[in-house]
Structures are given as structure tokens and as C-alpha cells.
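J.: Please read through the structure below; I'll follow up with questions.
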Amino acid sequence: MGLQVVKTEAPNVHPTAIVDPSAKLHANVKIGPYAVIGPHTEIGEGTQIDAHAVIHPYTTIGARCRIFPSASIGGEPQDLKFQGERSFTIIGDATQIREYVTVSRATGEDQQTRVGSHCLLQAYTHVAHNCQVGNHVVMSSFSGLAGHVTLEDGAIIGGMAGVHQFVKIGRTCMVGAMTKVVQDAPPYIIVDGNPARVVGLNHVGLARSGVSPEVKSNLKKAYRLLYRSGLSLVAAIQEMEQELHAYEEIEHFLRFLRNCERGIVRTRKES
């Protein structure tokens, strides 16, 4: 098979759309009916903005994204501290933002709200000011992130789940539907409930991520030391450093634990 050639075309803007003269539209961009593209914005190559979507000032959207009808990206933060300062919203490549999603720009001069590449934000989800969302993240419908939340790569947030401000959700962590998360959730685990409690390792997520059997075995040991040994967090970290192989996933797990600021989600038995 030969290489597929994509024809480069000028942006296609519907006559009823409003596009600020300062907005930068790359090749093959499509802007649907009644969409609004504000000033100081940039829309990457091949991105499609559907009907009635609003792209607010100081927003950058990557290539090959799809912004579905009535989404609002980069609006002023719902934060009493915001005083109209210049701040930014950055969306990566190949991310889908479904109907009625809201992503707020940051609070603080030159601060950023970020959503990574290859993410799926399902209908009615909310990403608040100063959030940092990694790549390959899925937020299910009606879930929401408060301000300054961090979602690491591959995290999955179930429908109607809520994440408290400043909480960190680790890599390949799965948060169950309608879960209330008020403490940090370590990488590679499943949390569920109100309040959130640890259910176990995210075996399906690890398999989909291509984690080797050796790494998975070490992650199981790390999980047991953290949640089954009765050790304090500090003692569990020390045991992991001594007993476990220094795989990248283990190093990331330890790095996350060392930098927890709100404490970590615990099991039902521990609580």
C-alpha cells in the first residue's frame, strides 16, 4: 500500500460562525454553525469545532481534535480569586471533547489549565481551573474535577465521580462511578465509593498498557506492602525501595507516594 496523502486545505468556516481576527486557524480546520472562536486562540491542523461550541480567549487546541456541539473551552474560572488576569487553556492533539463539556482557564497570571493528547472528555464533564490532565485520560459523563487536580496518563474517571481540589490521581488509576475522591489515589489501582476506598490493582488497565508479567508481579508486591502489611506510608516506601526491582513503573509508584500532600486513599478494612 502506498502512503495516504492528505490534501491540505484552507480552514472551512461556516458563514454563521464568529471567528476573531486574531485567532489562528491551521490547515483543514472546520468550524461549524454558530461556533464562536475568541481572540488570542489557536486551533491545530485538522481540528473540527462543531455547532455552538465556544473557544474562549487564550486557548490553544492541538491537531486532529474534535470539539462537539455546545462545549465551552477556556472560559473564565469559577473561582472568586480570579481577577481577570491573563491565563491559558491548552488542549493536546487528537482529543475528543463531547457535548456541554466545560474546561476553565487557569487562575493566576500566566498560569495554565492543561488537557493532554488522545483524551476523551464525555458529555457534561467539567475540568476546573489549573487542572493538569495527562494523555490517554477518559472522563465519563457528568464527572468533575475541582481546581488544581492532577490526572496522570491513562487515568479513567467514572461517571458522576467528583475529585476534590488539589487531589492527584495516579497513572492508569481507575475511579469508579459516583466516587468521591478527597485524597490522592496512587497509580495502577482501582478506587470506588463515597468516600473513595481502594478496591485493588487495576489488572485490566495494566494489561491494556502492556505491562510485563515481571513488572506486574512487582506492582502486586508494592500493593501488598502499601495496603496489606500494616506498615505506615513511610515504612512501606522504605520496604519497597529495598525489596522491589527498579522498574520504571515501580519508580513512578514510589515517586507518587513520596509526593503525596493530601494523604492517600485507603482500603475499607484500614478505615
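The values are calculated or read from the model by the stated rules, or taken from the named source; none is laboratory data. All values derive from a computational prediction rather than experimental measurement. Every residue, glycine among them, receives a Cβ derived from its backbone with ideal geometry; neighbour counts consider all protein chains shown.
J.: What residue, of Val138, Val182, Val149, is outside the structural domain of Tyr227 (by TED's automatic domain parsing), free of Cβ contacts under 8 Å to residues at least 24 places away in the same chain, among the β-branched types (Val, Ile, Thr) and touching a Lys or Arg at 6+ places or on another chain (Cβ under 9 Å)?
T.: Selected residue: Val149, the only one of Val138, Val182, Val149 that is outside the structural domain of Tyr227 (by TED's automatic domain parsing), free of Cβ contacts under 8 Å to residues at least 24 places away in the same chain, among the β-branched types (Val, Ile, Thr) and touching a Lys or Arg at 6+ places or on another chain (Cβ under 9 Å).
J.: Here is a follow-up. Could you figure out which of (1) within 17 Å of Ile189 (Cβ to Cβ); (2) assigned to a helix (DSSP H, G or I) isn't true of Val234?
T.: The number of the failed condition is (1).
J.: Run down Gly44, Gly74 and say which single residue is within 20 Å of the chain's Cα centre (by Cα), touching a residue at least 40 places away in the same chain (Cβ under 8 Å) and under 18 Å from Phe88 (Cα atoms).
T.: After applying the criteria, what remains is Gly44.
J.: Let me ask you something else. Could you check how many residues of region 84-117 are assigned to a loop (DSSP other than H, G, I, E, B) and within 19 Å of His136 (Cβ to Cβ)?
T.: 8
J.: With respect to Ile37, determine if the residue is modelled with pLDDT of 95 or more, under 13 Å from Ala94 (Cα atoms) and surrounded by 18 or more Cβ atoms within 10 Å (Cβ to Cβ).
T.: Against the criterion (modelled with pLDDT of 95 or more, under 13 Å from Ala94 (Cα atoms) and surrounded by 18 or more Cβ atoms within 10 Å (Cβ to Cβ)), Ile37 does not qualify.
J.: Next question. Can we say Phe88 is among the aromatic types (Phe, Trp, Tyr) and either farther than 21 Å from Ala146 by Cα or within 17 Å of the chain's Cα centre (by Cα) (or both)?
T.: yes
J.: Hey, could you check region 217-271 for residues that are of a type in the set (Lys, Arg) and within 24 Å of the chain's Cα centre (by Cα) and say which is nearest to Gly193 (Cα to Cα)?
T.: Checked region 217-271; the qualifying residue nearest to Gly193 (Cα to Cα) is Arg266.
J.: Condition (residue is assigned to a loop (DSSP other than H, G, I, E, B), modelled with pLDDT of 95 or more and either closer than 25 Å to Ile156 by Cα or not assigned by TED's automatic domain parsing to the domain that holds Thr172 (or both)) applied to region 72-83: is it met by at least one residue?
T.: The answer is yes; a qualifying residue exists.
J.: Report yes if some residue within region 49-64 is part of a loop (DSSP other than H, G, I, E, B), of a type in the set (Lys, Arg) and surrounded by 16 or more Cβ atoms within 10 Å (Cβ to Cβ); otherwise report no.
T.: yes
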